[in-house]
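Here's the structure, in structure tokens; my notes come after.
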Amino acid sequence: MTQLATAYRTCPLCEATCGLEITTRNGAVERIRGDDADVFSKGFVCPKGASLKELHDDPDRLRTPLRRTPSGDFEPISWDEAFAEIDRRLPPILEAAGRDSVAVYLGNPSAHAMAPMIYGRVLLKALGTKNVYSASTVDQFPKQMASALMFGTGLSVPVPDLDRTDHLLILGANPLASNGSLMTSPDVRGRLRAIQERGGKVVVIDPRRTRTAKLADEHFFIRPGTDALALMAMAHVLFDEDLVDLGEAEPWLDGVETVRALALDFPPEAVAGACGIAADDLRRMARDLAAAERAAVYGRIGTTTQAFGTTASWLVDVLNALTGNLDRPGGAMFPKGAAGHGNTKGTPGRGRGARFGRWTSRVRELPEVFGEFPVATLADEIETPGDGQVRALITLAGNPCVSTPNADRLAGALEGLDFMVSVDIYLNETTRHADVILPAPSPLERSHYDLALYTLAVRNVANYSPPVFPKADDMQDEWQTLLRLTGIVTGQGPDADVAAIDDFVAHEAARLETATEGSPLFGRDPDGLMAALEPRRGPERILDLQLRSGPYGDHLGANPEGLTLAKLEAEPHGVDLGPLEPRLPEVLRTASGRVELAPEQITADVTRLHEALAEARDRNGDASMVLVGRRDLRSNNSWMHNLPMLVKGKPRCTVWVHPGDAERLGLADGEPARVVSRAGAVEIPVEVTDDVMPGVVSIPHGWGHDAPGMALSVASDHAGTNSNVLADEMLIEPLTGTAVLNGIPVELTPVRAQEPVPA
Ligand SMILES: Nc1nc2c(c(=O)[nH]1)N[C@H]1C(S)=C(S)[C@@H](COP(=O)(O)OP(=O)(O)OC[C@H]3O[C@@H](n4cnc5c(=O)[nH]c(N)nc54)[C@H](O)[C@@H]3O)O[C@H]1N2
Ligand SMILES: Nc1nc2c(c(=O)[nH]1)N[C@H]1C(S)=C(S)[C@@H](COP(=O)(O)OP(=O)(O)OC[C@H]3O[C@@H](n4cnc5c(=O)[nH]c(N)nc54)[C@H](O)[C@@H]3O)O[C@H]1N2
Ligand code: SF4
Ligand SMILES: [Mo]
């Protein structure tokens, strides 16, 4: 008999958190479409959401643990064998070479699931290594550092209040392709269109004419890496033309005069040449921002993974503050996530602030940021002998061999490790170097709640999804895998009592909550809390605790109308907690209890900005080329190219070259070019287009699926080229160590002009 059923599930693939309606028949996915009743996404879905069917069914997706054999192949093994092997090989390294000899790399999907968000942290703590790396240093740390220094926590990131703004200035983001980032917002296109429909304006600054730029009312090309100059110039105009109006936030703002003094040196006329934007246009952009009733400035990847990532990210919110748009409806506002986070915990309005550089990396002496080292130095730490050398690596949901700079060097370094474990769903460019691969369930076989993304959402919402399907026979929950690894690194062996460790973790969470002044549960008995959370276990128990102690929570009885996980379970389309609300000063966790508009660590970087400006003047008019990235709606970083519906059609991994540059360099549309940087060289087909600025070329990241020994049968037929072979691991932004992935100096030559390489 046919069993038809409908399940509602939040899509875990990108930051937009769309609600999906998943129709199943006899335990298989029949159809996936947008959930019209979802309180946030209201039916919006992108092709990737629908591709979850192919992901779930993908025969290449790992179903059992794998072990690398001496010949370099992989053989399936049981979970018990896998953990026994890890227990045989990892603890001796820890014992002989110390905790720092084991590095961990956390990839992007680990911010999109509860198990790694909660239990990844447990594993890290148990491991006690300083060698923690993640995708954050090829992504958003600059924005998080700026936010932490200005507002007190790394997740106090103001997001544009899309649904109420009249004027949106976007720098270095293409939300029509990416679906938004550090701005959780399903259906960005609809929300941008609505701005225009209510008479507002969207302005985009990007070295490419993106889909977002095409929708916008105005678009300006910008020379990569010069956003901080452009933003400084706009700040200059605001002061110069007496347009500064701090609005309601004024009583909480410190450092306005420091900003004024710094901006004085950057009139639009001085930076126009470097940025490639006319002085008049910079002036007008600043005036428009000031004139709009409600405006927001928003910057993303193009402003973070570049030479001035932190400084540009800071200036985005400086402009929001100077125009009175910080914390105002229609401006840039602070979300309030239901599961709580740094700026909803402890004493409202004041905190410990943020400290960076508490320790430094061994080889390049790079400062720690949010407890991590830059992934751009991971290869150094593996390759360089000496005390504290990294000898083993655990990767969790990451593909650094494609996603991080000088990818080829890192791949070589991984081969030199004594031991490597990957928790991953594919045998891919990175996991092929592992000795043991531990699979994770399909997204449809696990529950979901967006712990991180709802703290960045343009509307306060909460949505929990139970698993659509029970786990496949041989599958183990990812959280249990992480706890078994925790058992191994704490010397409890391969068969540690996972339930007991989980009890311990939950009890610690309850204890911490009851011991935190300002918590609604302060002073309560942790054992009583534990009893109230029965019979939940694993991520659900922690989530229930976080929801119930969070800003909308039931406070375990004290606020009976409040949120609980049970309430979310009863609302498959999510719970709408309303539009963003002003949160100053309560949101602040700075030591001063004020908004630090001019944090010293960042303002010190303005010296470098002056130098960059001088250099740009010297360079004026030369023919040097720089590389930037791009995203495509049907990709998700490096790992979804094994799904036929996402790779069909014409190849997308091409280098965009402006017609003028193509002519000068002898490059022809459709012909291969050789692109060379300090770090490496690739050959890639040329796409001649005036959608890219002269002097700039663009290659999407996440491709290059041609390494040997992988099990990616579809992706390897659409291999493309790995752009991070070109990204230079020595080019990092100094404050956070985030890799410069946009604005990489490159040279291009036609391949046909090359001498054939002698055999
Ligand atoms: N040149 C250039 N490089 C870039 C960028 C760029 O714009 N330009 N963008 C950067 C950004 S923003 C990011 S976030 C990084 C991403 O960097 P990474 O996170 O290292 O790379 P991903 O491609 O996201 O790889 C995710 C990995 O997780 C696995 N995976 C997927 N789902 C699961 C799961 O449920 N459980 C487990 N255990 N594994 C899973 C996949 O198989 C894959 O191996 O790339 C960065 N690299
Ligand atoms: N379809 C799809 N969606 C995704 C992802 C994906 O790979 N594919 N990845 C997800 C992840 S992990 C993230 S972090 C987000 C990222 O989300 P977005 O930041 O929106 O990502 P991009 O589309 O890469 O947009 C970055 C833009 O910056 C421009 N740019 C490059 N250099 C500069 C510069 O110096 N200045 C300025 N002003 N612009 C510059 C690029 O041309 C590009 O258009 O997307 C997420 N969503
Ligand atoms: S926009 Fe993002 S969350 Fe929405 S369906 Fe697409 S991949 Fe999933
Ligand atoms: Mo990212």
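Rounded to whole Hz and in sequence order, give me ³J(HN,Hα) for segment 532-540 from the Karplus expression 6.51 cos²θ - 1.76 cosθ + 1.60, θ = phi - 60°, writing x for Gly and Pro.
Running phi through 6.51 cos²θ - 1.76 cosθ + 1.60 with θ = phi - 60° gives 5, 8, 4, x, 5, 9, x, x, 5 Hz.
Would you kindly compute the Cα radius of gyration of segment 335-448 and its largest Cα-Cα separation (Dmax), both in Å?
Answer for segment 335-448, Rg first and Dmax second: 17.9, 49 Å.
In nanometres, what is the gap between the two model label sites at Arg63 and Arg678, each 7 Å from Cα along Cα-to-Cβ?
4.8
Starting from the amide H of Ala727, placed 1.01 Å from N in the peptide plane, find each other amide H under 5 Å away whose residue is 5 or more places distant or on another chain.
For Ala727, whose amide H was placed from the backbone, the distant partners under 5 Å are Asn406, Ala407.
So what is the orientation-averaged projected area of the chain, using the convex hull of its C-alpha atoms, in nm²?
On the way: hull surface 127.5 nm².
Reported value for the Cα convex hull: 31.9 nm².
Over every pair of different alpha-carbon atoms in segment 428-487, take the mean of 1/r and invert it; report that Kirkwood radius in Å.
14.0
How large is the accessible surface of Trp359 in square angstrom, using a 1.4 angstrom probe and rounding to the nearest 10?
That residue has around 80 Å² of solvent-accessible surface.
Taking segment 481-520 as the region of interest, what is the percent of Cα-Cα pairs per 10 angstrom bin, listed from the shortest bin to the one with the maximum distance?
Over segment 481-520, the share of Cα pairs per 10 Å bin runs 31, 38, 22, 10 percent.
Spelling out what I want: for every residue of segment 732-749, take phi, set θ = phi - 60°, compute 6.51 cos²θ - 1.76 cosθ + 1.60 (Karplus), and round to whole Hz; glycine and proline get x.
Rounded to whole hertz, the list is 10, 6, x, 6, 10, x, 5, 5, 7, 9, 10, x, 8, x, 9, 10, 10, 9.
How large is the Rg to Rh ratio of segment 230-324 when both quantities use alpha carbon positions and Rh follows Kirkwood?
Reported Rg/Rh, Kirkwood definition of Rh: 0.94.
Over what distance in Å are the Cα centres of segment 69-120 and segment 360-415 separated?
Each part reduced to its Cα centre gives a spacing of 16 Å.
Per 10 Å bin, what is the whole-percent P(r) computed from every C-alpha pair distance within segment 1-100?
Pairs per bin, as whole percents: 13, 27, 20, 21, 16, 3.
Please work out the average accessible area per residue across segment 80-183, using the 1.4 Å probe convention, and give it in Å².
Per-residue accessible area for segment 80-183 comes out at 26 Å².
Let me see the P(r) profile for segment 46-88: every Cα-Cα distance counted, bins of 5 Å, each bin given as a percent of all pairs.
5, 19, 18, 17, 12, 10, 11, 6, 1
In segment 462-480, which residues have a backbone nitrogen under 19 Å from the label point lying 7 Å from Glu81's Cα in the Cα-to-Cβ direction?
473-476
About the Cα centre of the chain, what is the dipole size in debye to 20, counting +1 per Lys and Arg Cβ and -1 per Asp and Glu Cβ, all else neutral?
Values: 74 positive and 105 negative charges, 139 e Å.
Result for the chain is approximately 660 debye, rounded to the nearest 20.
Once you place label points 7 Å from the Cα toward the Cβ at Ala614 and Thr516, how far apart are they in nm?
Result: 4.7 nm between the two label points.
Which value, in Å² rounded to 10, gives the accessible area of Met475 with a 1.4 Å probe and all protein chains present?
Surface accessible to solvent at Met475 totals approximately 20 Å².
Any idea what log10 I(q)/I(0) is at q = 0.11, 0.21, 0.22, 0.23 Å⁻¹ for segment 290-394, Debye with uniform C-alpha scatterers and no solvent?
Per q value, in the given order, log10 I(q)/I(0) is -0.58, -1.18, -1.22, -1.24.
Tell me the Rg and the Dmax, in Å, that the Cα atoms of segment 95-188 produce.
Cα only, segment 95-188: 17.0, 61 Å (Rg, Dmax).
Can you list the residues, at least 5 places off or on another chain, whose amide H is less than 5 Å from the amide H of Val688, using H built in the peptide plane?
Placed amide hydrogens put Val657, Asp669, Gly670 under 5 Å from Val688.
Determine, from the Cβ-Cβ distance of Gln3 and Ala37 and an R0 of 22 Å, the FRET efficiency 1/(1 + (r/R0)^6), rounded to the nearest 0.05.
Numbers: r = 22 Å, r/R0 = 1.02.
Efficiency, rounded to the nearest 0.05: 0.45.
Normalized C-alpha radius of gyration of segment 91-142, against 2.2 N^0.38 Å?
Relative to the rule-of-thumb radius for its length, segment 91-142 sits at 1.24.
Taking Rh as the Kirkwood radius computed over C-alpha pairs, what is the Stokes-Einstein D of segment 489-641 at 10 °C in a medium of viscosity 1.306 mPa s, expressed in µm² per second?
Using the Kirkwood radius from Cα pairs, D works out to 75 µm²/s.
Need the list of lysines near Lys48 for cross-linking: C-alpha distance under 25 angstrom, and skip anything on the same chain fewer than eight residues off.
Those lysines meeting the cut-off are Lys214, Lys471, Lys648, Lys650.
Out of Val595, Gly518, Pro470, whose Cα points farthest toward the positive end of the dipole of segment 457-611 (charges: +1 Lys, Arg; -1 Asp, Glu; placed on Cβ)?
In segment 457-611, that residue is Val595.
Residue separation times 0.36 nm, minus the C-alpha to C-alpha distance between Asp73 and Arg189: what's the value?
The Asp73-Arg189 span can extend by a further 37.2 nm.
By DSSP, what percent of the beta bridges with both residues in the chain are antiparallel, rounded to the nearest 5?
Taking every DSSP beta bridge within the chain, about 50 percent pair in antiparallel fashion.
Starting from the Cα coordinates of segment 577-676, work out the convex hull volume and express it per residue in Å³.
Given the Cα convex hull of segment 577-676, per-residue volume reads 264 Å³.
Please state, as a whole number in µm²/s, the translational diffusion coefficient that the Stokes-Einstein equation yields for segment 154-275 at 10 °C and 1.306 mPa s, with Rh defined as the Kirkwood radius across alpha carbon pairs.
99
Given labels modelled 7 Å from the Cα in the Cβ direction, how far is it in nm from Glu671 to Asp217?
Modelled inter-label distance: 4.4 nm.
Can you figure out the FRET efficiency of Asp495 with Phe370, using R₀ = 35 Å and their beta-carbon distance, to the nearest 0.05? Walk me through the numbers on the way to the answer.
On the way: r = 33 Å, r/R0 = 0.96.
E between Asp495 and Phe370, to the nearest 0.05, is 0.55.
Any chance you could look up the accessible area of Val468 with a 1.4 Å probe, heavy atoms only, rounded to 10 Å²?
Around 30 Å² of this residue is reachable by solvent.
Using a Förster distance of 30 Å, how high is the FRET efficiency between Glu415 and Lys125, based on the Cβ-Cβ distance and rounded to 0.05?
Approximately 0.55, to the nearest 0.05.
Please report the spacing between the Cα centers of segment 140-211 and segment 452-529 in Å, no decimals.
31
On the accessible surface of segment 438-566, probed at 1.4 Å, how many percent belong to carbon and sulfur atoms?
The computed percentage sits at 52.
Would you calculate the volume per residue, in Å³, of the smallest convex hull containing every Cα atom of segment 1-60?
73
Size of the dipole of segment 671-759 about the Cα centre, Lys and Arg at +1 and Asp and Glu at -1 on the beta carbon, nothing else charged, in debye to 20?
Once rounded to the nearest 20, the dipole reads 180 debye.
Report ³J(HN,Hα) in whole Hz for each residue of segment 358-368, in order, from the Karplus equation J = 6.51 cos²θ - 1.76 cosθ + 1.60 where θ = phi - 60°; Gly and Pro get x.
Running phi through 6.51 cos²θ - 1.76 cosθ + 1.60 with θ = phi - 60° gives 5, 8, 10, 6, 5, 7, 9, 6, 8, x, 4 Hz.
Under 5 Å between amide H atoms, partner at least 5 residues away or on a different chain: which partners does Ala7 have, H built in plane at 1.01 Å?
For Ala7, whose amide H was placed from the backbone, the distant partners under 5 Å are Ile22, Thr23, Thr24.
Given a 1.4 Å probe and heavy atoms of the protein chains only, how would you sort Phe419, Phe370, largest accessible area at the top?
The most accessible residue leads, giving Phe370, Phe419.
Need one number: convex hull volume per residue for segment 593-651, Cα atoms only, in Å³.
Taking only Cα atoms, segment 593-651 has a hull volume of 199 Å³ per residue.
Looking at Pro116, Ser136, Asn179, which one has the Cα that reaches farthest to the positive end of the dipole of segment 112-235 (charges on Cβ: Lys, Arg +1; Asp, Glu -1)?
It is Pro116, whose Cα lies furthest towards the positive end.
The values are calculated or read from the model by the stated rules, or taken from the named source; none is laboratory data. The model shown is predicted, which means the values in this text are computed figures rather than measured ones. Neighbour counts run over all protein chains shown; Cβ positions are idealised from the backbone, glycine included. Each accessible area value is taken on the protein alone, full model and side chains, heavy atoms only, with ligands, DNA and RNA left out. Shrake-Rupley method; radii C 1.70, N 1.55, O 1.52, S 1.80 Å.
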